[in-house]
1. Before we move on, is Ala119 more than 20 Å from Gly231 (Cβ to Cβ) and away from the ligand (no atom under 16 Å from the Cβ)?
2. Give Asn84, Asn117 a once-over and let me know the one that is of a type outside the set (Gly, Ala, Ser), assigned by TED's automatic domain parsing to the domain that holds Gly57 and open to solvent by less than 30 Å² (accessible area, probe 1.4 Å).
3. Considering every residue within the range 151-165, establish whether at least one is among the small types (Gly, Ala, Ser) and in contact with a strand residue (DSSP E or B) (Cβ under 6 Å, 6 or more places away or on another chain).
4. Have a look at Arg232, Arg270 and point out the one that is within 16 Å of the ligand (Cβ to nearest atom) and in contact with a strand residue (DSSP E or B) (Cβ under 6 Å, 6 or more places away or on another chain).
5. Working only within the range 166-214, note down all residues that are within 16 Å of the ligand (Cβ to nearest atom) and either open to solvent by 10 Å² or more (accessible area, probe 1.4 Å) or charged (D, E, K, R) (or both).
6. For a quick check of your reading of the model, give me the residue pairs whose first member lies in the range 62-77 and is at positive phi and near the ligand (Cβ under 8 Å from one of its atoms), whose second is open to solvent by less than 30 Å² (accessible area, probe 1.4 Å) and modelled with pLDDT under 95, with beta-carbon atoms closer than 7 Å and at least 6 apart or on different chains.
7. Do we find that Leu228 is within 30 Å of Ile330 (Cα to Cα) and of a type outside the set (Ser, Thr, Tyr) in this structure?
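The values are calculated or read from the model by the stated rules, or taken from the named source; none is laboratory data. All values reported here derive from a predicted model rather than from experimental measurement. Because the Cβ atoms are built from the backbone with ideal geometry, glycine has one as well, and the counts that use them run over all protein chains shown. Heavy atoms of the whole protein, side chains included, go into the accessibility calculation; ligands, DNA and RNA do not. Shrake-Rupley method; radii C 1.70, N 1.55, O 1.52, S 1.80 Å.
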Amino acid sequence: MAKPKQQRGASEPDRAVAASTAAIRADGLRVTYADGTTAVQNVTLTVPRGEFFGFLGPNGAGKTTAVKVLATLLEPTEGGVIVNSHDATAAQTAVRETIGYMAQDVSVDEELTARENVAFACEAYGVPRGRRAERIEELLDLADLGDVADTPAGRFSGGMKKRLDAVTALVHDPDLVFLDEPTTGMDPKARNRLWDHFRRLNEAGTTIFLTTQYLEEADALCDRVAVLRDGRIAATGSPAELKRRVGGQILEVDVDGGRETAETAADLAREGTRFGPDATIETVDDTVRVTTTDAAERGTDYLLALHEAGIAVTGFDVDEPTLDDVFLAIADGRTDGFDVGDDGETGPGTSGGTR
Ligand SMILES: Nc1ncnc2c1ncn2[C@@H]1O[C@H](COP(=O)(O)OP(=O)(O)OP(=O)(O)O)[C@@H](O)[C@H]1O
């Protein structure tokens, strides 16, 4: 059965509940390495239990550093982290019992079969002997590796090794799993299978904290994302919210009659309040391009107006912005509309209003 998902647009009492059941609460994290490099600064975030959360950012943005702190593998220079109600610095063992961690580099033993790899992880994580056999079969099934359970992992494709690696992080049935760039370097088919695998995990109730540099991946999987830039959270929200904030829809209308007719059609688009004061209207060859928040809704009237003016429309299309556009906006420093609270907080209870 699908787990209940975190509700969007939560009311204040809902937010209080979400905060008390948070899987992760990080407050004012800073990490400065011994050589003086500050990799993470002022990172404050809340991830409710059950959420599929994405941590996006280009190479070197600080994703791995932050995730290591959240997974108790690195102590922050400043700030605190509560994971599954335990303090990540004072109660590392208690935190580790409730989390799984899949590092960027695959850590399966190639000499061992898939089944032996999972069995080894069961021993390492202290899964009770009586439970092991059943757990191993469950996880091999989840990874879609049941048929090759007795094949040495060294003979697997990269995608199969990643799936095996992912389930070895799950032997102790953790509530929360950290996946650090799990699909880097994979072909689309292998990546899609791994995505299915992560979706199944999340639907079974596991909170997932995924770092990725693939916008498409975050878009396909995540309930909510935070975008990291130079160690700081630059934007946060659901992929749909971030795309909406970056600048609306793009309506493209192709007209018959070349550039001159397109200019006349563009003038018609600029008339009165047809597309509102914030619309950008331009022509490219015989195409009129209108960018505004509700271009699709207002476009119908515009097509009628063109028809009445005797301009023949040969085609039209409405494009939504992509997470790529969000990334570009952030890279350009255009983050005003992204609603990150003053303290950098990201989470369902944020006063910055990410929902
Ligand atoms: N052990 C270290 N000592 C000094 N600097 C480090 C160390 N590890 C990482 N850094 C630096 O910290 C910054 C953030 O690195 P980090 O690996 O956290 O980023 P990332 O977003 O995970 O990048 P990638 O996508 O390439 O894995 C980079 O400038 C990196 O060079």
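1. Numbers: more than 20 Å from Gly231 (Cβ to Cβ): yes; away from the ligand (no atom under 16 Å from the Cβ): yes.
Criteria met by Ala119.
2. Values: Asn117 fails: assigned by TED's automatic domain parsing to the domain that holds Gly57.
One residue alone meets the criteria, Asn84.
3. So in the range 151-165, the residues among the small types (Gly, Ala, Ser) come out as 153-154, 157-159.
Checking which are in contact with a strand residue (DSSP E or B) (Cβ under 6 Å, 6 or more places away or on another chain) leaves us with none.
Scanning the range 151-165, I find no residue that is among the small types (Gly, Ala, Ser) and in contact with a strand residue (DSSP E or B) (Cβ under 6 Å, 6 or more places away or on another chain), so the answer is no.
4. Checking each option against the conditions leaves just Arg232.
5. Of the residues in the range 166-214, the ones within 16 Å of the ligand (Cβ to nearest atom) are 178-186, 209-214.
Selection gives Asp180, Glu181, Thr184, Gly185, Met186, Gln213, Tyr214.
6. Note: pairs meeting the criteria are Gly62/Leu228; Gly62/Gly231.
7. On the way: within 30 Å of Ile330 (Cα to Cα): yes; of a type outside the set (Ser, Thr, Tyr): yes.
Taking the combined requirement at face value, the residue satisfies it.
For (1) touching a residue at least 12 places away in the same chain (Cβ under 8 Å); (2) more than 28 Å from Leu323 (Cα to Cα); (3) in contact with a Cys (Cβ under 8 Å, 6 or more places away or on another chain), each residue gets a yes or a no:
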{"site": "Ala114", "(1), (2), (3)": "yes, yes, no"}
{"site": "Ala121", "(1), (2), (3)": "yes, yes, no"}
{"site": "Ile136", "(1), (2), (3)": "yes, yes, yes"}
{"site": "Pro152", "(1), (2), (3)": "yes, yes, no"}
{"site": "Ser157", "(1), (2), (3)": "yes, yes, no"}
{"site": "Ala169", "(1), (2), (3)": "yes, yes, no"}
{"site": "Trp195", "(1), (2), (3)": "yes, no, no"}
{"site": "Asp219", "(1), (2), (3)": "yes, no, no"}
{"site": "Arg224", "(1), (2), (3)": "yes, no, no"}
